[in-house]
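Any read-out appearing in this document is the output of simple, stated calculations on the displayed coordinates, not a laboratory observation. Here the structure is a predicted model, which means the values were calculated and not measured. Methodologically, a virtual Cβ is constructed for each residue, glycine included, from the backbone with ideal geometry; neighbour enumeration extends over all protein chains shown.
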């Protein structure tokens, strides 16, 4: 174990000039990005590998991090069993109290070692609550982690098309189930793929701007992903094209925003983004309320939905949109994450709904077919 | 949206505080009543616990101080005709009563609807076999378990399950009658005991050593579910969760484990059909994701109170609203006001709960922790690191420890191994001692099975200690090390002891040096809010704690001289309990009413005073000098109130005074004059007020000389206490000698106080309020027992029924003199002895006392409100009535928890041993005492009474009542001497033999074991060892076989007269407000 005195001091500098001083427990290199927080109390391995965090310096509001180390790197169906993608996507990690010693039956290394291997800096000893309060007011804020000997500039990841960075670069197929699902990868979390594979699907994972309309498939899945939906016009175009075919569509998070834009609705940036595992959403027209995992700074403007679309879920706290559906066709999407990982698994049944739509669609197609 | 047919409901409380059922139910009941009031539902509360907040004015619409038994509840139902009843807010007592009312058809008969969780769901969770079957229906795993109705079935079950096993008794409080067995002998002994509590026991596979994790789950009628909080036990399975150190949220669970158990909890609550709140306890394999569900509590519990305080989510309040028909999404988040109740709190801190035990108060009790609960209270510490929370917590428990390290406690190596593998209440200190002796984390893990993560964190504290010890002055100490120590929860005291190597004499001065030093370096704690959402949205909350793991305050401080700080009472313990919470809450309420901002400091999660709703600002933090000074520095209040929280705040008086902290009420200098035995004694001498002769002695010879002068018996109080040698009365030279050998250490450093002990004297209390030395209100009450029974254990009558007018006049005069001499402003309490008309003062406390809520409620005049007004120097209403004009009588009776304290001798003495109390009102003394005693678990005997009446004096005391019993057709069984005495006085009884006369029949022990006896009266006598041991066996067996036991002749006599005078059906069913003043 590294003793405290050996640890290097390092600063987090925000674009408004606020500076926090902490100590390094990750890779020693200066980095810059957008500073965001999440309030989940478990699931740092999942969050760190979530492609939606591409370009972001992540702040954990839960102070004690690293407790259970980093889980095994075993693979199932060609996917890491315990990570949400093939690498760490965050730019840097900020915590209050880091556990140098970890304890868990499934751990193979410490969080610090994992960060070092992936060349990601990590800071601890930061008043993450004070930092979170600054971020929530500013909404989005640039910041940099700076070591004394390596002065760098701020960098705004939102200037780039993050989806292009997070997405895969070629078509890849997973599993061998009876339902052929095209997954538009805007930065997909593995658990979406796992949830589909568990439901007898073949998942054809395609890049974000790939025109999948020529493929042989039964349904479309629009993944989560980083950044501003307005930068994904290519994806939106492809979705529009497929809507005529009435093949079932489901979207998650960025996928919800892209489906909305394809339908003709607008998206906007939220004053307070949703960065937690405890967001209540109400199923439209019912008293059914679900606790969901969320990570988004943009939302669909319900008022701009065309007449044949309607809200599916609404956030009980701030009344923002949490999902939409087509009134007659099998298209729906959610702003929250039914695949969880990390977070509550209460809405995983939505994958069943999607697959049922696919089954229905296939039945109809058979009837129609001569 | 909500059920509007429910206009009037009964809420059942939990009665007296006892082990396994303590203040948490005052909190949950109060919350429920508040929720009902908000919906304009009329509330009828049944709870004999008169010291609670819930039994105060303005909380329930009507209050019955009556036993929570089916009989009395039915009477109240008949009288009040309620539409509904709430069973989930009064612990196991209310639940058991509710199930009985349901099963006997009483609820149906009077058309009373159960609000919230249906009774069938409760039954499904309470009967373990049904419960395991229910969970099997949804493929949820429970430990393999076989229900047995007799010992033979138990043996057969073991053949299937295999040792080690755990035995559990169904339908009992907090694991009563449960335990582990590794062989037939252990099984035999434990099973036979468990059968005395319950007709059904369970033989279960043992999963000792697994992680223990709990979830608090909420469900509404729309089937919406949330888990408010999960908690992880520091101690692995095998130690009752009430005996465990617990953290929230869980620390060693991965996301997958956390959400697997969470999803199961939701699946379970849906399947069982709970509407409201329940608690699911799991065992989780430390080497895989394998789990078992251990228990589901279909009601608010100690854990739910803890979860509410840990998260800020008011579980009981929400549960009550859900019972009325609301959905979670239709209720507001009470903390943020802007979000809804349909969410799961995100914490950005860690809390640590530590139990408080008082095992030293009992002779003979086993100190080992196991699957049944012995702790009497608990604390919750909040921090932003585990090290910070646990060190704060260890101090909060209030057993003289300063944190994980830098304590004086010494444990030898042999004991360390033993302590680690067979934990007692001191295990946490054994871990530090093990580190001192070079044990590794792994070695300690092997012995304790405490997850290495916790041990590693403790090791961090240990390593910092070693670093601190290398320095000898503050000037050379690195700032970074000092900051790190503070972040790990080190107090200034610990730093002084480790760095400055301060002796006990210097330490109070040296810790001030540490304080000054770090203030000069700007090393200060930050104030953080608990907002339920980890800062995600802005929320204005007044629920605060302090941490060194932060660098800015969440709140601003208005230095406008308009705030008043009230110091609470800390962990519940024997001697300081809910009564001081009542005083604190009433003080806060009054401060608020008088247009000051009320600031509360307290850390007991079982209290109403730590409900952020009750005050303008709540600091859920330590009541140490250091932390109170931190808060005083920040808030700069108009003043601090020390007189409401019992002895903890009172002890800070001089220390705060020296730092020029404005103390409201009596000057700390005068508090000191009352607290310091010598100063107070000389004050009494000056005032010519009599006191029992006493002396502080430093040699054995001097003790003998003093005893020769005053004569036996004497009361002995050693200042250095070895186990078993606490305060005691000794009646002869042998006993004195024996006692002094136990006390061992008599010296200048550790003097012994010896006082004359006056026998056959009445003990009298006066609770009063004075302003600038003038008494403005007072209440005098008398004990039923003669002096010698601790006032906390005594049965107290108010107004006094058997005192001479002259006695009362003299007591009043003494109170006036003392108030004047000490210039008292605020509450005070005195205890006095009266024999004939000679009055002697035995104690004076310049603070509120245990009996303030009792006398205030009986006379319907709130002494705390007036005391607070007096201290604030605002106008107040002087009482216009005299206590003698009351047309009714109140009797306060003590609740004992001996059943939980394995092997403890259930006998009363000068040290307190009760865990709670009730107060009931009657038309006269007998009606009131009968209601009170029925409320603390006594039952009116049907037929057979066993009497061993002890010394001659109690034989005489009991003769009339024995006569009465005989006339009423009771069968009396009496031991040798008693039988002879009764017979000599013409009372018929059957001679029974002592437990050690095993060959003679009928034998007392076999009568008790066969449950032939309905009431045991055993008056201890202090003679031969044999008699003591026989007496002990009788008393202990009565407890172990759940037979009511009385050990005081005057109480026995009063009880007998009462139940011979009144049949249970004759007792008046009157609410508090029907007793007109």
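Points worth noting:
- Per the Debye formula on identical point scatterers at the alpha carbon atoms of the range B:126-253, with no solvent, log10 I(q)/I(0) at q = 0.09, 0.20 Å⁻¹ is -0.30, -1.21.
- Hydrodynamic radius (Kirkwood) for chain A, which is based on Cα pairs only, to one decimal in Å: 21.1 Å
- Share of pairwise Cα separations in the range B:729-778, more than 16 Å, in percent: 65 percent
- On the basis of the beta-carbon distance and an R0 of 45 Å, residue B:422 and residue B:223 show a calculated FRET efficiency of 0.50.
- A simple spin-label model places the labels of residue B:804 and residue B:366 5.2 nm from each other, with each point 7 Å out along Cα-to-Cβ.
- Kirkwood's formula applied to the C-alpha pairs of the range B:283-410 gives a hydrodynamic radius of 17.9 angstrom.
- Share of pairwise Cα-Cα distances greater than 51 Å in chain B is 18 percent (whole percent).
- Difference of contour (0.36 nm per residue) and Cα-Cα distance, residue B:551 to residue B:750: 67.2 nm
- Rounded tilt (10° steps) of A:233-243 against the dominant C-alpha axis of chain A: 30 degrees
- Efficiency of FRET from Cβ geometry, residue B:7 and residue B:654, R₀ 41 Å, rounded to 0.05: 0.15
- Cα-Cα separations in the range A:1-101 greater than 21 Å, expressed as whole percent: 38 percent
- Working note: Cα gyration tensor of the range B:215-312, eigenvalues times five, square-rooted, sorted largest first, giving semi-axes of 20, 16, 12 Å.
- Cβ-derived FRET efficiency at R0 60 Å, residue B:136 paired with residue A:150, nearest 0.05: 0.50
- Euclidean distance of C-alpha centroids, the range B:16-37 and the range A:287-308, integer Å: 40 Å
- Relative to its Kirkwood radius, the Cα radius of gyration of the range A:295-370 gives an Rg/Rh of 1.05.
- The range A:147-296 pair-distance distribution - Cα-Cα, 5 Å bins, rounded %: 2, 9, 17, 19, 18, 15, 10, 5, 2, 2, 1, 0
- In this simple spin-label approximation, residue B:415 and residue A:237 carry label points 7 Å from Cα along the Cα→Cβ vector, and these lie 8.1 nm apart.
- For the range B:127-219, relative contact order (Cα pairs under 8 Å, six or more residues apart, normalised by length) works out to 33 percent.
- Estimated inter-spin distance, residue A:87 and residue B:990, nm [label 7 Å along Cα→Cβ]: 8.9 nm
- Normalised convex hull volume, the range B:100-191, alpha-carbon set, Å³ per residue: 124 Å³
- Cα pair distances of the range B:1-98 binned at 10 Å [whole percent]: 17, 55, 26, 2
- Orientation-averaged projected area, Cα convex hull of the range A:180-227 (nm²): 3.1 nm²
- Rg ratio (alpha-carbon, reference 2.2 N^0.38 Å) - the range A:253-336: 0.99
- For the protein assembly as shown, the percent of C-alpha pairs falling in each 20 Å distance bin, counted from 0 to the bin holding the largest distance, reads 9, 36, 36, 15, 4, 0.
- In the range B:920-1035, inverting the average of 1/r over every pair of distinct C-alpha atoms gives 15.0 Å as the Kirkwood radius.
- The value for the range B:909-978 of Rg(Cα) / (2.2 N^0.38 Å) is 1.32.
- Computed as a quarter of the hull surface, the mean projected area of the alpha carbon convex hull for the range B:869-945 stands at 9.2 nm².
- Full extension of the chain between residue B:774 and residue B:79 yields a length gain of 245.7 nm, computed as 0.36 nm times the residue separation minus the alpha carbon distance.
- Rounded to 10°, Cα long-axis angle of helix A:128-138 versus longest principal axis of chain A: 50 degrees
- Beta bridges per DSSP, both residues in the range B:817-943: antiparallel share near 100 percent.
- Per the Kirkwood formula applied to alpha carbons, the range B:499-629 shows a radius of gyration over Rh ratio, Rg over Rh, of 1.01.
- Taking every alpha-carbon pair under 8 Å whose residues sit at least 6 apart, the range B:302-442 reaches a relative contact order of 16 percent.
- Once the convex hull of all Cα atoms in the range B:154-215 is built, its volume per residue stands at 89 Å³.
- Contact order for the range B:799-853, expressed relative to its length and based on alpha carbon pairs under 8 Å spaced 6+ residues apart, stands at 31 percent.
- Per residue convex hull volume, Cα atoms of the range A:116-160, in Å³: 120 Å³
- The angle between the Cα long axis of helix A:254-263 and the main principal axis of chain A comes to about 40°, on a 0 to 90 degree scale.
- Projected area averaged over orientations for the range B:799-947, convex hull of C-alpha atoms, nm²: 11.9 nm²
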